Structures are given as C-alpha cells and as structure tokens.
Amino acid sequence: MNNSLTNSARLLGAGLRALLMLTLVTGVIYPLVITGIAQGLFHDKANGSEIKADGKVVGSSLIGQAYNLPLKKGQETPDADLKWFQGRPQNGLGSNSVNTQYKLILSGATNRSADNEELVQWVKDAKAAVAKDNSVAGYKVQRSDVPADAVTSSGSGLDPDISRDYADLQVHRVAEKNGLSVARVQKLVDDHVEGRTLGFIGEPRVNVLELNIALKALAAKS
C-alpha cells in the first residue's frame, strides 16, 4: 500500500512538473519570442497595418471604409459623399445584413450564383448609379465603362482596394466636387497605384483610404 501511494505521488508530482514546464514554454516563453520577432521584423503588420493621418490612426490598410453623408430623416441607407473616392460595394452579406456599412461584425460574400436574379438586379442598379454619379460636365460615363469591382463586393465585403480603372473613372467627379483640376487628381491616382504582388500576382490596385488622405491634403493646400 505504501509503495503504491509513493508511486502515485511520484507520478503526480512528475505530471505537475511537466505541466508547469510546458505551460511556461508554450504559454509564456514561446508567445513572447514570437511577439518579439513580429514586432522587430514586421512591426506595421503585427499592429494591424495602421494608417495614420495628422498623427492619429484613421484606419487599416486591410479594411475598407465607407465615405457617406450623414443620414437624412427617414433614410435607412446614407448617400455616398461624392467628394471622396468610393470603394467597392459594401453589401458582401446582402443589402439587409449588419455588414452593409463596413460594420466589423460579420464579413462574407453574397453566396449568390452569377445568374441569381437578385444579384443581377443589384449589379444593374449599381452600374446605373456609378455611371450617373461619375458623369459631370464634359465627361459622361457609360454603363459599359463601369468596371466589375465598382458594382460587386469582394469575398469578404471589406476590400480596402479598388482597381486602377475604377479610380480613374472617379477622377473627373472628385476633381469637380473639390474644386481641383483633373490633371492634379489624376496624378494623385497615378502616384497611389500599387503594382501586382511580386510582379505577377493579382492586378494593379489603389488603396482607397490612403488615396482619400492624400486627396484631403491636396484639397487643403488648394
């Protein structure tokens, strides 16, 4: 009996020591080492890829934002503030989801097939709206000119980037709304075009938040 109790106590003690050691290594030392490496080598990414303006964090380069006017009385969906470059449609989970205005509660795609009648109507309505909003005096946008990313949400519904074509399409409208020349706004877009990842992955793109921060600075100078 005594031997049995002694062996059990010894095994229990060994198990507790192993538990404490593994907890220390995997629960304390390992996370601290990995956090230190991340902060040292990938400081920006480790902290959420923050974007700052006027010394304040205004967003992340990985998460899209809405640029809308304040809600009017009786409105459920705000109108877009057309002095800013607009991102992709924000209704990744559908027009009645909690994610319609980049609220970071849920993310996801529409989960509708390409021939879904509701999705087809969304795209048609979006094309008409984009063409109308971006048509200004001396520059008329046709529905056929509207690129796909202007009328479809991304897989997450939170895409922070737009295509070069969609950014270019908005130049005349943004210039007019801000009292700037088309040439200056176009140069702003050109300066913010990011190439393909590693030179061959994806398509050239423009981060909307970074572009709008530069637009704000340009408008302030003018």
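The values are calculated or read from the model by the stated rules, or taken from the named source; none is laboratory data. The model shown is predicted, which means the values in this text are computed figures rather than measured ones. FYI the Cβ positions are ideal-geometry reconstructions off the backbone, even for glycines, and counts take in every protein chain you see.
Scanning the range 134-157 for residues that are under 24 Å from G59 (Cα atoms), surrounded by fewer than 22 Cβ atoms within 10 Å (Cβ to Cβ) and out of contact with any strand residue (DSSP E or B) (no Cβ under 6 Å at 6 or more places or on another chain) yields V151, T152, S154, G155, S156. Can you find a residue in the range 178-188 that is buried (at least 19 other Cβ atoms within 10 Å of the Cβ), modelled with pLDDT of 95 or more, touching a strand residue (DSSP E or B) at 6+ places or on another chain (Cβ under 7 Å) and not aromatic (F, W, Y)? Checked the range 178-188: no residue is buried (at least 19 other Cβ atoms within 10 Å of the Cβ), modelled with pLDDT of 95 or more, touching a strand residue (DSSP E or B) at 6+ places or on another chain (Cβ under 7 Å) and not aromatic (F, W, Y). Evaluate the following for Q86: is it within 30 Å of V182 (Cβ to Cβ), assigned by TED's automatic domain parsing to the domain that holds H192 and either in a helix (DSSP H, G or I) or at pLDDT 90 or above (or both)? It is true that Q86 is within 30 Å of V182 (Cβ to Cβ), assigned by TED's automatic domain parsing to the domain that holds H192 and either in a helix (DSSP H, G or I) or at pLDDT 90 or above (or both). Taken over the range 194-212, the criterion of being closer than 15 Å to S61 by Cα and either in a loop (DSSP other than H, G, I, E, B) or aliphatic (A, V, I, L, M) (or both) is satisfied by V206, V208, L209, L211. Figure legend. Inter-residue proximity from the range 154-173: first residues outside the structural domain of Q65 (by TED's automatic domain parsing), second residues assigned to a loop (DSSP other than H, G, I, E, B) and crowded, with 22+ Cβ neighbours inside 10 Å, beta-carbon distance below 7 Å, spacing 6+ or different chains. No pairs are indicated. Filtered by the rule that a residue be among the small types (G, A, S) and not in a helix (DSSP H, G or I), the range 164-193 gives G179, S181.
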